[in-house]
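Working notes for the structure below.
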Amino acid sequence: MLRHSSTSPLLSFPGAVAAEGRDEGVAAHYGDLFREQRALAGGAGLVDLSHRGVVTVSGADRLGWLHLLLTQHVSELPAGQATEALILSAHGHIEHALYLVDDGETVWAHVEPGTREALIAYLESMKFFYRVEVADRTDEFAVVHLPAGSIAGVPEGVAVRETPYGRDLFLPRADLEAYAGANGPLAGIWAYEALRVEAHRPRLGFETDHRTIPHELGWIGTAVHLQKGCYRGQETVARVHNLGKPPRRLVFLHLDGSEVHLPGHGTPIRLKADGDEGRQLGFITTSARHHELGPIALALVKRNVPVDAELLAGDTAAAQETVVEP
């Protein structure tokens with residue numbers, strides 16, 4: 001089998017500007033960031049997520065087996081119902097995030113770029129006697145996102161994750177260019193990310209670091225089911241939920257719009273009253289320019305930072321909104 005190029009063919013479409021960093025391989029934008037955001041918010045357009053990994057699990061035991069490994073309750077997952085789940089370390093730290101749907105025969109998942117090899121290695125190590133087959137399908141299938149309200153058609157036989165934010169299609173990679181050409185306008189990953197930040201939705205590798213636990217990001221309930229056990233890291237999840245509070249919390253920030261540059265991932269967060277010499281209380285996880293809200297960001301801060309405190313992201317003033325309660 002020919003391996004797919006790490007560069008999406010949609011980068012050859014008019015106006016495409018390539019993304020960098022973790023989203024390398026797809027378009028950051030197609031020439032007009034705000035127009036692309038407005039289209040997505042209005043239910044039009046298509047986002048190329050073909051740089052994401054695609055992993056499938058098939059076999060008679062697939063749901064029961066995944067139920068033992070994931071933070072989500074999937075043992076009776078109905079066909080066609082989308083869900084998301086995490087894999088944690090023994091200490092409860094987030095290692096993988098999977099965006100799942102079962103088509104009745106196979107569980108389809110898309111995962112962050114660069115994570116599928118480690119995920120597959122872990123899944124393979126846990127197969128034991130279960131009747132399951134794990135496969136890397138990234139060479140064959142590309143993830144495409146249609147926003148909520150889109151009237152674009154879905155080709156017959158294509159696995160689809162339908163969520164409140166839109167539909168993720170596992171499209172045959174050979175059909176990507178033709179489908180995008182027929183179902184535009186195209187929107188880049190910057191537009192998609194701006195709407196993700198607005199919706200306070202965490203992303204592995206952006207809102208997480210090596211010690212992040214699900215409670216800090218609001219992933220309890222959406223990706224972590226509290227009424228199940230039997231997965232690695234479950235003891236930490238239960239203990240923090242029942243007996244304590246997470247050490248950090250996710251916040252949404254309105255950034256000073258007079259600044260030319262957005263504070264990047266990792267930019268220190270301090271109290272505005274303490275200035276740039278103050279003690280670091282957290283860091284920017286994702287920043288974006290929103291078509292209505294202006295410059296915005298998600299950040300991870302210490303739990304005891306007052307919810308009404310004015311903050312500094314680097315040298316940029318920031319007003320916070322609570323995402324995870326202290």
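What follows is calculated from the coordinates using simple rules that are stated; it is not laboratory data. The structure displayed is predicted, hence computed values, not measured ones. Heads up, the Cβs are rebuilt from the backbone with ideal geometry, glycines too, and the neighbour counts pull from every protein chain shown.
Peptides 160-169, 269-278, 7-16, ordered by how many other C-beta atoms sit within 10 Å of their residues on average, highest first, read 160-169, 7-16, 269-278. For ARG248, nonlocal amide neighbours, meaning residues 5 or more places apart or on other chains whose placed amide H falls under 5 Å from its own, are ARG303. 3J(HN,Hα) along segment 223-228: 10, 10, 9, 7, 9, 9 Hz, from the Karplus curve 6.51 cos²θ - 1.76 cosθ + 1.60 with θ = phi - 60°, whole Hz, x for Gly and Pro.
Using the Cβ of GLY25 as centre and a radius below 11 Å, the other residues enclosed give a net charge of -2, where K and R count +1 and D and E count -1. When the chain is treated as a GNM with alpha-carbon contacts under 10 Å, the residue of LEU46, LEU293, LEU311 showing the greatest mean-square fluctuation is LEU293. Sequence-ordered 3J(HN,Hα) estimates for segment 275-283 from the Karplus curve with 6.51, -1.76 and 1.60 and θ = phi - 60° stand at x, 6, 9, x, 5, 5, 10, x, 7 Hz, glycine and proline given as x. Pairs of lysine residues in the chain that meet both criteria, 8 or more places apart or on different chains and Cα atoms under 22 Å apart, total 4.
So, counting K/R as plus one and D/E as minus one, what does the shell of residues with Cβ under 14 Å around LEU271 add up to? It works out to a net charge of -2. Full extension of the chain segment joining GLU310 with SER75 gains 80.1 nm, where the gain is 0.36 nm per residue of separation less the Cα-Cα distance. If you take all other residues with their beta carbon under 9 Å from the beta carbon of LEU186, and give Lys and Arg +1 and Asp and Glu -1, the sum is -2.
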